[in-house]
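Student: Below you'll find the structure I mean.
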Amino acid sequence: MSSELHTEQAAAVVGGGASGLIAALALAAGGLPVTLVAPPRAPDARTTALMDGSVKALDALGVWPLLRRDSSPLRVMRLIDDTGRLIRAPEVEFRAGELGLEGFAWNVENEALLAALDAAVAATPAITRRAASVTGIAETGTHATLELDDGSRVIAALIAAADGRNSPCRRAASIEVTSRDYPQVAVTATLAHSRPHRDVSTEFHTRTGPFTLVPLPGNRASVVCVVSAAEAEALAALDDAAFAREMERKAHSLLGTMRLDSPRGSFPLSQRTATRFARGRIALIGEAAHIIPPIGAQGLNLGVRDAATLAEIASDARRASRDIGGAEAMDAYERRRRRDVGARGVAIDLFNRSLLTDFLPVAGLRGLGLWMLGQSPALRRLVMREGVGPTSDVPRLLAGARL
Ligand SMILES: Cc1cc2nc3c(=O)[nH]c(=O)nc-3n(C[C@H](O)[C@H](O)[C@H](O)COP(=O)(O)OP(=O)(O)OC[C@H]3O[C@@H](n4cnc5c(N)ncnc54)[C@H](O)[C@@H]3O)c2cc1C
């Protein structure tokens, strides 16, 4: 069996996680015929806080109306120093209203997000979905050929590789990654609680990393609890009721009593960055290109910007009758994504390390920085704006515009 779908303007997306589904929708919105190669995926009990720009992009792609009711806005972000160290930072609150936004981000369960993306993909005639895995890639001067495990092939001028952290496409393109492992694990769960969260996301800064409560619809919140590997093991050994009590204790009972409302997850913290985001006709998207620790809700938001940027470059090339996967397009992708991904990786690394260190001057600097944020609305707005997303070279979809 062989797929004969091939024009010089056809794109293929590899991977049916959130980044791949968004890339397929964005490329199709840019006027390209797309083959999405997506094997069945495992259940995902996590949640994702989608920043304002990502929400605008999903709205422009017709996905947001399917999701809005399942998501909760983060109108206020509260940072609390719970390190118990000699020098402690003051409590700081960021209000989305200061930026004229309803919310910095909207938190949604990954299963709801993926279901909405699946539905949007199914309703897009320009996308052909194949429930298969890629087993090999060959490139010629004008196109790339994907070999699938069902014996068929897909031929395309551009390959958007959204095939996750171990990305077979990245390996096929001989792209290396730089890696950093942290001595921490993110323990995740959704909890029901007795007091309302009032759309406030609270981040306790502890000596092992942040403990973050992110609002969900109803009296529910997702928890990302960054702890040492030993504490993660101890938490895993607790039964559900004892685990919920421990989360309540870490939350200082801010949201009242807690009850587990989802399976629990455990994710060792690491940072990985591909040394190139594109080579030949293969562009890396999402975790195939970068993995950053789940601190500050940046990971998939970067993936949305990857997808939106690649789709913009490819659709502009299509309109100008240029090669959508040629060197010019791929160089532009590399250039446009490098700074955003690099800057966020550095910021999260520095912040995480500032929590782990007992070195007094570093704790002092973090405290001073947060104190200044509390005092200066202008500085606060600057930091809030950057936290929500880049302020320069923003892809059109992120501004809610059509491609
Ligand atoms: C605890 C935690 C909390 C997080 N919270 C947030 C948050 O609040 N906000 C945020 O923006 N980000 C968050 N993230 C990051 C976010 O979850 C990831 O960025 C996102 O899930 C990555 O999606 P992806 O599509 O790139 O990769 P994946 O979801 O891993 O998808 C990759 C897909 O590729 C497929 N695949 C693999 N090999 C092949 C092959 N050979 N052929 C075809 N397909 C293949 C797989 O089946 C898989 O479906 C969080 C991460 C963690 C760990």
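Just so you know, all these numbers are worked out from the coordinates, no wet-lab data involved. Predicted model, so just to flag it, every value in this text is computed and none were measured. Quick reminder, even Gly has a Cβ in these numbers, built from the backbone with ideal geometry, and neighbours come from all protein chains shown.
Student: Calculate, for R319 and D118, the FRET efficiency according to 1/(1 + (r/R0)^6) with r their C-beta to C-beta distance and R0 45 Å; round to the nearest 0.05.
Tutor: Details: r = 29 Å, r/R0 = 0.64.
Step by step, r from the Cβ atoms, then E = 0.95.
Student: Right, another one. What is the dipole size for the chain, taken about its Cα centre, with +1 at each Lys and Arg Cβ and -1 at each Asp and Glu Cβ, in debye to the nearest 20? Walk me through the numbers before you get to the answer.
Tutor: Details: 47 positive and 44 negative charges, 155 e Å.
Dipole about the Cα centre, nearest 20: 740 debye.
Student: Further question: R0 = 45 Å: FRET efficiency of A242 with E139, Cβ-based, nearest 0.05?
Tutor: On the way: r = 54 Å, r/R0 = 1.20.
That gives a FRET efficiency of 0.25.
Student: Need the full-extension length gain, A327 to A401, defined as separation in residues times 0.36 nm minus the C-alpha distance. One decimal, nm. All intermediate terms of the calculation are to be shown ahead of the outcome.
Tutor: On the way: separation 74, 0.36 × 74 = 26.64 nm, distance 2.61 nm.
Fully extending the segment from A327 to A401 adds 24.0 nm.
Student: For the stretch 180-235, run through the GluC sites (Glu not before Pro) and keep only the ones in DSSP coil with at most 11 other Cβ atoms within 10 Å of their Cβ. Walk me through the numbers on the way to the answer.
Tutor: Details: sites: E203, E231, E233; in loops: none.
Counting only loop positions with at most 11 other Cβ atoms within 10 Å, none of the GluC sites (Glu not before Pro) in the stretch 180-235 qualifies.
Student: D199 versus S270, label points 7 Å from Cα toward the beta carbon: distance in nm?
Tutor: 3.8
Student: Mind jotting down the distance between the C-alpha centroids of the stretch 363-393 and the stretch 260-331, whole Å?
Tutor: Using only Cα atoms, the two centres lie 26 Å from each other.
Student: Radius of gyration and Dmax for the stretch 235-316's Cα atoms, expressed in Å?
Tutor: Rg then Dmax for the stretch 235-316, in Å: 19.0, 55.
Student: Would you mind checking the tilt of helix 377-388 against the longest principal axis of the Cα atoms of the chain, expressed as 0 to 90 degrees and rounded to 10?
Tutor: Approximately 40 degrees, to the nearest ten.
Student: 7 Å from Cα along Cα→Cβ at both H252 and L368: what's the point-to-point distance in nm?
Tutor: About 2.5 nm separates the two model spin labels.
Student: Further, regarding this structure: From the square roots a ≥ b ≥ c of the eigenvalues of the alpha-carbon gyration tensor of the stretch 109-185, which class results: rounded (a/c under 1.5), prolate (a/b over b/c), or oblate? All intermediate terms of the calculation are to be shown ahead of the outcome.
Tutor: Values: a/c = 2.26, a/b = 1.07, b/c = 2.11.
Cα axes put the stretch 109-185 in the oblate bin.
Student: Further question on the same structure: So for the stretch 99-200, averaging the separation of alpha carbon pairs under 8 Å that are six or more residues apart and normalising by length, what relative contact order in percent results?
Tutor: On the way: 56 pairs, mean separation 12.9, N = 102.
Normalised by residue count, the contact order of the stretch 99-200 is 13 percent.
Student: If we count every other residue with Cβ under 15 angstrom of G20's Cβ, Lys/Arg +1 and Asp/Glu -1, where does the sum land?
Tutor: Residues near G20 contribute +1 overall.
Student: What is the stretch 291-403's relative contact order, in percent, from Cα pairs under 8 angstrom and six or more apart in sequence? All intermediate terms of the calculation are to be shown ahead of the outcome.
Tutor: Numbers: 58 pairs, mean separation 35.4, N = 113.
Taking the mean separation of contacting Cα pairs over the length of the stretch 291-403, I get 31 percent.
Student: What relative contact order, as a whole-number percentage, does the chain give when Cα pairs under 8 Å and 6 or more residues apart are counted?
Tutor: Numbers: 884 pairs, mean separation 93.1, N = 403.
Relative contact order of the chain: 23 percent.
Student: Moving on to the next point. When Lys and Arg each count +1 and Asp and Glu each count -1, what net charge do the other residues less than 12 Å away from M247, Cβ to Cβ, add up to?
Tutor: On the way: positive: R245, R249, K250, R259, R264; negative: D240, E246, E248, D261.
My count for the surroundings of M247 gives +1.
Student: May I pose another question? Between E8 and E111, how many nm apart are label points set 7 Å from Cα along the C-beta direction?
Tutor: The answer from the label model is 4.7 nm.
Student: Would you work out which of A192, L254, G303 lies farthest towards the positive end of the dipole of the stretch 176-307, given +1 charges on the beta-carbon of Lys and Arg and -1 on that of Asp and Glu, about the Cα centre?
Tutor: With unit charges placed on the Cβ atoms, the residue in question is G303.
Student: Full extension from D149 to A234: what is 0.36 nm times the residue separation minus their Cα-Cα distance, to one decimal in nm?
Tutor: Details: separation 85, 0.36 × 85 = 30.60 nm, distance 4.04 nm.
Taking D149 through A234 to full extension adds about 26.6 nm, to one decimal.
Student: Please report the antiparallel percentage of DSSP beta bridges with both residues in the chain, rounded to the nearest 5.
Tutor: On the way: 57 of 78 bridges.
Just about 75 percent of them are antiparallel.
Student: Give the calculated FRET efficiency between A343 and A131 to the nearest 0.05, with a Förster radius of 30 Å applied to their Cβ-Cβ distance. Numbers along the way, then the final one.
Tutor: Details: r = 37 Å, r/R0 = 1.23.
Step by step, r from the Cβ atoms, then E = 0.20.
Student: DSSP loop (so not H, G, I, E, B), at most 15 other Cβ within 10 Å: list which trypsin sites (Lys or Arg not before Pro) in the stretch 206-266 pass both filters. Don't jump to the answer; show the numbers that get you there.
Tutor: On the way: sites: R207, R220, R245, R249, K250, R259, R264; in loops: R207, R264.
For trypsin sites (Lys or Arg not before Pro) across the stretch 206-266 that sit outside H, G, I, E and B with at most 15 neighbouring Cβ atoms in 10 Å, the list reads R207.
Student: For the chain, just say rounded, prolate or oblate: build the C-alpha gyration tensor, square-root its eigenvalues into a ≥ b ≥ c, call rounded for a/c under 1.5, and beyond that prolate if a/b exceeds b/c, oblate if not.
Tutor: Details: a/c = 1.84, a/b = 1.72, b/c = 1.07.
Since a/c reaches 1.5 and a/b is larger than b/c, the shape of the chain is classed as prolate.
Student: May I ask you to compute the full-extension gain from R171 to D393, defined as 0.36 nm times their residue separation minus their alpha-carbon distance, rounded to one decimal in nm?
Tutor: Extra length available between R171 and D393 comes to 77.0 nm.
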